[in-house]
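First comes the structure, then the notes that go with it.
The values are calculated or read from the model by the stated rules, or taken from the named source; none is laboratory data. Values in this document were obtained by computation on a predicted structure and should not be read as measured data. Counting neighbours? That spans all protein chains shown, and the Cβs are built from the backbone with ideal geometry, glycine included. Only protein heavy atoms, including side chains, enter the accessible area calculation; ligands, DNA and RNA are left aside. Shrake-Rupley method; radii C 1.70, N 1.55, O 1.52, S 1.80 Å.
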Amino acid sequence: MRNLIIKELLQLRRNSFIPRLIIMFPIAVVCILPWVMDMEVDHVGVIIVDNDNSTLSEKLAQRLDDSERFDLKGVRSTYKEALQDIEKCKADLILEIPQDYEKDLAQGNVPSILVAANAVNGTKGSLGSSYVSSVVMQNLPVTQLSSMSFSTLYLYNNHLDYKRYMIPALLAILIMMLSGFLPALNIVGEKEAGTIEQINVTPVSKFTFIFAKLIPYWVIALLIITVCLILSWAVYGIVSSGNILLIYLIAILLAFVFSGLGLIISNYSDTMQQAIFVMWFFVTSMMLLSGLFTPISSMPSWAQTMTLFLPVRYFIDAIRTIFVRGGGFFDILPQVLALVAFAVVMDVWAIISYRKKN
């Protein structure tokens, strides 16, 4: 097995593209995706229709303009004019201030303020209108607000930094792509080149051959995790709240799973194109259903049931428990056991499904 592993490592080193991919892909993902995958909504374009033209209505408009979440796109005299800006995608929200706004506040009445949101982008429309409503409520006198007060304590992520939530999940994408795609394309590439026939006529067992193929990609997974953790600290100042060794543990288990899956697909594929399409189907489906982008609890019940059979779900749960919450081994024990079961099934299947041809 030692000589076969050395052969695999030499093949990787001689490839002019793969070593660069292994280094550059994690750097690009960690340095770019946390910025563009932020679910927070900023720079919401607001058009104001001020039917009151009073000091307090101008103060409300100024508060919106001062907020980093809003971009004031102008003041219109009528709702119809403002709606035309929405239809031309020049703004996202209309805030219509009614007549007698200042008078109602002075008399102790709560004025009726219209917030009209462009809901083509449902997330932006919903969050944007909530932000505007919050600013409007803050502009009301204290006497007109409910006597009940609320105090919010943010646990584990005090500054509501979305990057802290996304960076550990991005490790799943990297491991799936590099530890899954590369071994699949490796064997299929050897099939197309005909070099795998030289291995098939040797007395090397299936077990030895498959594990010699898998081990280099497990090493790659460890390298990926190391690069990502260093970048997370160097670029964002974000470090794991829990034991880093637990991150390596679940990462290598996920690498076991996807390297095995890659070899299974390669065993049933005859061409590179076929392997790419099949692998891409599995990776994309698992990413969307794993809870990486959207909470599993918000999915339909049938989709939640499907996620129970996806190894990435357990990895995402475990790594966020460690990285964000600072959980220990026993906190992630159910996820570890699930990943071990998936890894055993995938790797055994990879060995069994490989057929040596004479």
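Here is how the numbers come out for the structure above:
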quantity: Residue list for the range 102-125, filter: in a helix (DSSP H, G or I) and either at pLDDT 80 or above or not hydroxyl-bearing (S, T, Y) (or both); calculated: E102, K103, D104, L105, A106, G122, K124, G125
quantity: In the range 82-106, the residues that are in contact with a strand residue (DSSP E or B) (Cβ under 8 Å, 6 or more places away or on another chain) and not basic (K, R); calculated: A82, L83, D85, I86, A91, D92, L93, I94, L95, E96, I97, P98
quantity: Check on A116, without any contact (Cβ under 8 Å) to a residue 24 or more places away in the chain and either within 35 Å of the chain's Cα centre (by Cα) or open to solvent by 80 Å² or more (accessible area, probe 1.4 Å) (or both); calculated: no
quantity: In the range 265-278, residue modelled with the highest pLDDT [restricted to those that are surrounded by fewer than 20 Cβ atoms within 10 Å (Cβ to Cβ) and among the β-branched types (V, I, T)]; calculated: V278
quantity: Some residue of the range 324-339 being open to solvent by less than 30 Å² (accessible area, probe 1.4 Å), more than 23 Å from the chain's Cα centre (by Cα) and under 17 Å from M176 (Cα atoms); calculated: no
quantity: Flag for L245 being more than 19 Å from A350 (Cα to Cα), aliphatic (A, V, I, L, M) and more than 18 Å from the chain's Cα centre (by Cα); calculated: yes
quantity: Close pairs (6 angstrom Cβ cut-off, 6 or more residues apart or separate chains): within 16 Å of G45 (Cα to Cα) in the range 132-146, open to solvent by 50 Å² or more (accessible area, probe 1.4 Å) and at pLDDT 75 or above anywhere; calculated: V135/R63
quantity: Any hit, the range 321-335, residues being β-branched (V, I, T) and over 28 Å from L246 (Cα atoms); calculated: no
quantity: Boolean, V136 is among the aliphatic types (A, V, I, L, M) and modelled with pLDDT of 80 or more; calculated: yes
quantity: Selected residue (criterion: farthest from the chain's Cα centre (by Cα)) from residues of the range 281-323 that are buried (at least 18 other Cβ atoms within 10 Å of the Cβ) and small (G, A, S); calculated: A318
